[in-house]
Every structure is written in C-alpha cells, then in structure tokens.
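Peer 1: For reference, the structure I am asking about is given below.
The values are calculated or read from the model by the stated rules, or taken from the named source; none is laboratory data. Small disclaimer: the values here were computed from a predicted structure and weren't measured. Don't worry about glycine lacking a Cβ; one is built from the backbone with ideal geometry, like all the others, and counts go over all protein chains shown. These accessible areas exclude ligands, DNA and RNA; they are computed on the full protein's heavy atoms, side chains included. Shrake-Rupley method; radii C 1.70, N 1.55, O 1.52, S 1.80 Å.
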Amino acid sequence: MTSRSDRPDPEPARRIAAHVEAARLQAGLYLVATPIGAARDITLRALDVLNGADLLAAEDTRVLRHLMDIHGIPLRGRRILSYHDHNGDRARPALLAALAEGGSVAYCSDAGTPLVADPGYRLALDAAEAGARVHALPGPSAALAALSLSGLPSDRFLFLGFPPSTATARQTWLRKWLAVDSTLILFESPRRVNRTLEDLCQIDPHRITVIARELTKKFEEVIRGTAAELAADPRIATLKGEVVMVLDRPSEVVVDDDRLRQVLERHMATMSIKDAAREAAQELGLPRRDVYQRALELGGQK
Ligand code: SAM
C-alpha cells in the first residue's frame, strides 16, 4: 500500500497527467506490478498501461484509485472492477468478455506482483486459454526485495508463500521444506514470526534466518541471525508491519517428514515405538527425542 507521504514531486505527475489522450494499447491482459511501499517504485510502463488500458481491475479498487491519483493518472470515465480471491468466479466473465472484444485490461493486486501470493492466477490462465495475449509488467516483489538484501545465496531459491497457521501442520511443512538445498523465502504475519521461529528451532536452531520488515517503507528493518538467536531477540516479540523471512540452505542433514515417516513406519511394523524411534534416529542421524515424538504421533494415528 502506498501513502500520501509517498506522493512524488508534482512535476513528473503533471507530465503523466498531461497525456490525457493515452496511446491505444495492444489488446490483452496486463498484469501490472505495483509498489510494496514507496509509491515511486512504479515503472514507467506500468504508468503507461494504467493510463491507456480500456478497463482496469484491482484486488482493492480504492488502492488502485489512490495509486493512480498519486501519479496523476486520470480515470477518464473508465471503470475499475474489483477482482479478488472471494469474487473471482463472478468477476472473471466481465474481464474475459472485454478481452474477447479486443480490449486491453490492466490488473493490479494491492501491492507487488499479482499472482505471487496474490489473486490473478485463474484470470491469467483463463485469458490465455481463451486466446488473449497476457502481458506481465514486472516490478516490485517483496520476495525478491527480501532475497536481494538478505545476504543469503541467491543462485537457487524457493518461494514458499505463507506457512500453515496451525502448529502441527506448520511443523510438518517446515520439516519438509527445510530439507531442500535452497535458500527459502516465506511470507509471515508479524504476529506469527515468533511461533515460526520456535518451530524452526525445533528442527534446525542454527539455520541462518533473515527477517526483512517494511521493505521500501520508512521503518524498513533487516534482522539477521540463527533461528535460535532471533527466537530470543526481544525485537521479534513486538514485530510490526509486513514481514518476509529468508532462510539459508541447510548446513547439516535435515530429513523431510515423508522420509522420516517411511523409516519410522518400517521399524514400527516389527518393533515397539520406543525401539523404532531409536533405530530410525540412528539411521537418519536425528535427535532421538524428536524422532520419538514423531513416532508417538504416527502411533496415535493408527
Ligand atoms: N504479491 C506481493 C508481492 O509480490 O510482493 C505479495 C502479496 S502477499 C498477500 C503480502 C505479503 O507480502 C505480506 O504479508 C508480507 O509477507 C509480504 N510483503 C508485502 N509488502 C512487504 C513489505 N513492504 N515489506 C515486507 N514484506 C512485504
């Protein structure tokens, strides 16, 4: 979201607003990335497309209206249709109809790149399947901004979106992804960062973790340390704003949950839970206590 304080100098805004007669755009769907904080992080092409599209659509119409206002782009009688996760099925036909008639449609989510943990996937797919051109307008992305400043290897990374919110699902999910030999990027609510860190500590307390907060905004902050250090950091308990977590690749063996379950089930078929946990822990090089805990859960599921 952008704020009034991000309002740019009036001069460039006047220059854009002066193009009241916008150049006609090629037909198609334009997926337009918008700022994740600083309003001036919008691209010139995004401004051209917002100025020239026949029809505008947005996750939140007020947010797009505000962004266009900041940059001096007039509506000129054009409508902004609402398109989000909860009305997609109802809203898509009107957008697809505009495309079928040869129109240009610009779509923006609230902030950053549409489709990246944001609506737009079905719209883009249906538009392409209906034969429309789909154009991506690259620009701000919280995931990539966090990766860039994390100081963690960027040659191979995996974007994981938001972790599950329930404890058991989150632990299973973390165990699975922490085993991947890649830098990991997670979105997380500031209220849940400490719980995710605690779960992370259960699996790999030494994992280098970066908390990137309020990127491109006034209170931008980057906190770096091992998972255990960050879990004990008083700043984490009172974290506010929008947060991306970036995790280093594993430095020691991390076994994903599927493999742990397979090995445990194999041993549990022929021995007691306790013995099976001891065997599995030895085979996989994992702490016996954690493996026993998982064995108890598996035993209880039978
Ligand atoms: N599509 C967006 C993008 O490309 O950046 C992401 C949308 S997702 C619904 C919103 C999440 O992105 C937030 O909960 C937060 O994890 C992350 N995020 C968005 N803006 C951010 C910012 N300025 N600083 C840190 N994280 C941000």
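Peer 1: Can you tell me which of Val255, Val105, Val246 moves the most in a GNM of the chain? Springs connect C-alpha atoms under 10 Å apart.
Peer 2: Among Val255, Val105, Val246, the largest mean-square fluctuation in the Gaussian network model of the chain belongs to Val255.
Peer 1: Using the Cα centre as the reference, give the magnitude of the dipole from point charges on the C-beta atoms of the chain (Lys, Arg: +1; Asp, Glu: -1; all else neutral), rounded to the nearest 20 debye.
Peer 2: Value, rounded to 20: 440 debye.
Peer 1: Something else: With an 8 Å Cα cut-off and a minimum separation of 6 or more residues, compute the relative contact order for the stretch 167-290 in percent.
Peer 2: 30
Peer 1: Using only the heavy atoms of the protein chains and a 1.4 Å probe, how would Lys274, Lys217 rank by accessible area, largest first?
Peer 2: Lys274, Lys217
Peer 1: Per residue of the stretch 62-76, in order, report the coupling 6.51 cos²θ - 1.76 cosθ + 1.60 (Karplus, θ = phi - 60°) as ³J(HN,Hα) in whole Hz, putting x for Gly and Pro.
Peer 2: 5, 5, 5, 4, 5, 4, 5, 4, 4, 9, x, 9, x, 7, 6
Peer 1: Can you list residues whose amide H is under 5 Å from Gly112's amide H, if they're 5+ apart or on another chain and H is modeled 1.01 Å from N?
Peer 2: Those lying under 5 Å, H to H, from Gly112 are Thr34, Ile36.
Peer 1: A further question follows. For the stretch 257-301, what is the per residue volume of the convex hull drawn over the alpha-carbon atoms, in cubic angstrom? Intermediate values should be presented prior to the final figure.
Peer 2: Details: hull volume 2.6 nm³, N = 45.
In the stretch 257-301, the Cα convex hull volume per residue is 58 Å³.
Peer 1: Within the chain, what whole-number % of the accessible surface is contributed by carbon and sulfur, with the 1.4 Å probe and all protein chains included in the calculation?
Peer 2: 52
Peer 1: At 222 nm, what value in deg cm²/dmol follows for the chain if DSSP H runs of at least 4 each add -39500 (n - 2.57) and the sum is divided by all its residues, to the nearest 500?
Peer 2: -12500 deg cm²/dmol
Peer 1: Then there is this: In the chain, once you exclude exposed GluC sites (Glu not before Pro) (DSSP loop, at most 10 other Cβ within 10 angstrom), what's the longest stretch remaining?
Peer 2: Segment 102-251 is the longest.
Peer 1: Related question: How much area per residue is accessible in the chain when the probe is 1.4 Å and only protein heavy atoms are counted (Å²)? Mind showing how you got there, number by number?
Peer 2: Values: 15270 Å² over 302 residues.
Per residue, the chain has 51 Å² of solvent-accessible surface.
Peer 1: Quick check for me: using +1 on Lys/Arg Cβ and -1 on Asp/Glu Cβ, what's the dipole size of the stretch 134-290 about its Cα centre, in debye to the nearest 20?
Peer 2: Working: 22 positive and 22 negative charges, 73 e Å.
Roughly 360 debye for the stretch 134-290.
Peer 1: Okay, next question. Round to a whole angstrom and tell me the spacing of the C-alpha centers of the stretch 130-182 and the stretch 224-302.
Peer 2: 21
Peer 1: Assuming 1.002 mPa s and 20 °C, estimate D for the chain with Stokes-Einstein, Rh taken as the Kirkwood radius over Cα pairs, in µm²/s.
Peer 2: Calculated translational D: 98 µm²/s.
Peer 1: Can you work out ³J(HN,Hα) from phi for every residue in the stretch 186-198, in order, using Karplus 6.51 cos²θ - 1.76 cosθ + 1.60 and θ = phi - 60°, giving whole Hz and x for Gly and Pro?
Peer 2: Values, residue by residue: 10, 8, 8, 6, x, 6, 9, 4, 5, 5, 5, 5, 4 Hz.
Peer 1: Return the percentage of antiparallel bridges among DSSP beta bridges fully within the chain, rounded to the nearest 5 %. Spell out each step's value before the answer.
Peer 2: Working: 17 of 35 bridges.
In the chain, DSSP labels about 50 percent of beta bridges as antiparallel.
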